[in-house]
Amino acid sequence: MLDQLRGEALECISASERCVISTAGPAGLQAAVVPCILNNSRIYVLIPSTTDLIFNLEYAEDVVLTTPEWQLYGIALILDALSQRHRTVPPTLHQRAIAECALIAEVFPLRMHLTPDQQRDRTTIDFTLPHNDTETCSAS
């Protein structure tokens, strides 16, 4: 059942081209509308390189992604061009980030709320970080 709900959650994310990313940190509360891409069950967002969102993420990895259909709390990892994780990014996404002067963040979902609709009530789905990812990012 949980795998089915997680699959439904990923479908909702893949149907969204954009989301609002929110962070909190030394630059205060920051939010922006950013491209949201799902590729091989991995969630990526493109964050403008000149925004205070990046500054906040240097201090705290916690993020909230929001659309009218869902809200996701998770951990964001800014992908450095030299990191091993950066190799998982599709080349077209990498090219888009360069063209838009953006950095790529991979978001690891921890909890997602699906907005109620005609087919379901409000649903909350908990995720766990895969073992190998917990070594790369930490929840505070």
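What's the total number of residues in the stretch 36-59 that are closer than 19 Å to PHE127 by Cα and either within 10 Å of the chain's Cα centre (by Cα) or modelled with pLDDT of 95 or more (or both)?
7
I'd like the full set of residues that are of a type in the set (Ser, Thr, Tyr) and either farther than 21 Å from ASP80 by Cα or surrounded by 18 or more Cβ atoms within 10 Å (Cβ to Cβ) (or both), limited to the stretch 28-59.
TYR44, THR51
Which of the residues belonging to the stretch 65-111 are over 23 Å from GLU8 (Cβ atoms), acidic (Asp, Glu) and either in contact with a helix residue (DSSP H, G or I) (Cβ under 6 Å, 6 or more places away or on another chain) or modelled with pLDDT of 90 or more (or both)?
Within the stretch 65-111, GLU100 is the sole residue that qualifies.
Tell me which residues, restricted to the stretch 14-27, are buried (at least 17 other Cβ atoms within 10 Å of the Cβ) and within 11 Å of GLN71 (Cβ to Cβ).
Within the stretch 14-27, CYS19, SER22 qualify.
The values are calculated or read from the model by the stated rules, or taken from the named source; none is laboratory data. All values derive from a computational prediction rather than experimental measurement. Please note: Cβ atoms are built from the backbone with ideal geometry, for glycine as well, and neighbour counts cover all protein chains shown.
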